[in-house]
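These notes are about the structure you will find just below.
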Amino acid sequence: MKVIELKHPLIEHKLTLLRDKKTGTKEFREVIGEISTILCYEAMKDAKLEEKEIETPICKTKGKFLNEEKYAFIPILRAGTGMLDGLIKVMPNAKIGHIGMYRNEETLKPVKYYYKTPKDISKREVIVLDPMLATGGSATDAITMLKKDGVKNLKFLCIIAAPDGIKKVQKEHPDVPIYCAVIDEKLNEHGYIVPGLGDAGDRIFGTK
Ligand code: PRP
Ligand code: URA
């Protein structure tokens with residue numbers, strides 16, 4: 001399945017703000033939201049639209065519209081919630097679920113602590129959100145859980161993707177496209193993305 005990387009000078013500019021350790025929580029959070037909105041536009045490029053009769057101030061015409069009720073956003077806690085604002089700004093009627101996971105610092109394996117999705121999740125197109133795709137453990141486990149609940153149509157949105165994480169998601173879930181702002185070089189010995197932006201959750205919530 002495909003990996004879509006946003007390639008745009010403004011995105012590169014915004015990524016520099018995110019990478020810079022001097023960027024504070026407020027600006028960091030705002031930029032994560034802005035890039036997430038653009039990722040949402042990109043991920044919705046293949047959306048099927050419906051049609052209805054409307055009347056402009058000039059005449060009757062047919063207008064296309066998106067049935068937002070067919071979608072659900074699932075941020076992976078914590079950092080994924082930082083992306084959520086950017087998506088609900090443009091699709092405010094999508095339903096929202098949450099998957100709680102943290103990485104064990106030694107094994108780098110994800111540990112699940114929360115799972116709550118809309119009850120008709122299997123009928124929805126699901127967009128999973130997490131700013132960082134590092135080893136890919138969190139993303140693959142989250143997608144596996146959603147598939148067990150009957151979800152067939154999934155997309156994964158992140159800000160920075162590492163080659164290892166892309167490989168893992170593509171191997172375990174070849175049907176799930178990955179949308180990212182940038183593909184970085186590698187992981188370091190602690191499983192952090194290089195050059196990356198550090199710990200996304202800590203930077204969004206100001207916890208370090
Ligand atoms: C970060 C990030 C992803 C995960 C990515 O979460 O937000 O969920 O690591 O790493 P992986 O691809 O190797 O699984 P973290 O465990 O730091 O939790 P947090 O969002 O609560 O800070
Ligand atoms: N999680 C993060 O928040 N940052 C990384 O670089 C890797 C995993």
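For trypsin sites (Lys or Arg not before Pro), the sites in segment 1-96 that DSSP calls loop and that have at most 12 other Cβ atoms within 10 Å are LYS2, LYS7, LYS21, LYS22, LYS45, LYS48.
Cβ crowding within 10 Å ranks CYS59, CYS180 as CYS59, CYS180, fewest other Cβ atoms first.
Across all C-alpha atoms in segment 26-133, the radius of gyration and Dmax reach 17.1, 65 Å. Note on LYS7: aspartates and glutamates with a C-alpha under 14 Å away, same-chain residues under 8 apart excluded, are GLU42, ASP184.
The TYR114 and LYS52 beta-carbon pair, evaluated with R₀ = 41 Å, returns a calculated FRET efficiency of approximately 0.60. Over the chain, the alpha carbon radius of gyration divided by the compact-protein estimate 2.2 N^0.38 Å works out to 1.05. When the listed pairs LYS2/LYS22; LYS95/LYS152; LYS21/LYS70 are checked against a 27 Å cut-off, the alpha-carbon distance exceeds it for LYS2/LYS22; LYS21/LYS70.
Computed from the coordinates by the stated procedures, all read-outs in this text should not be read as laboratory data. Bear in mind the structure is a predicted one, so any value in this text is a computation, not a measurement. Virtual Cβ from ideal backbone geometry, glycine too; neighbours counted across all protein chains shown.
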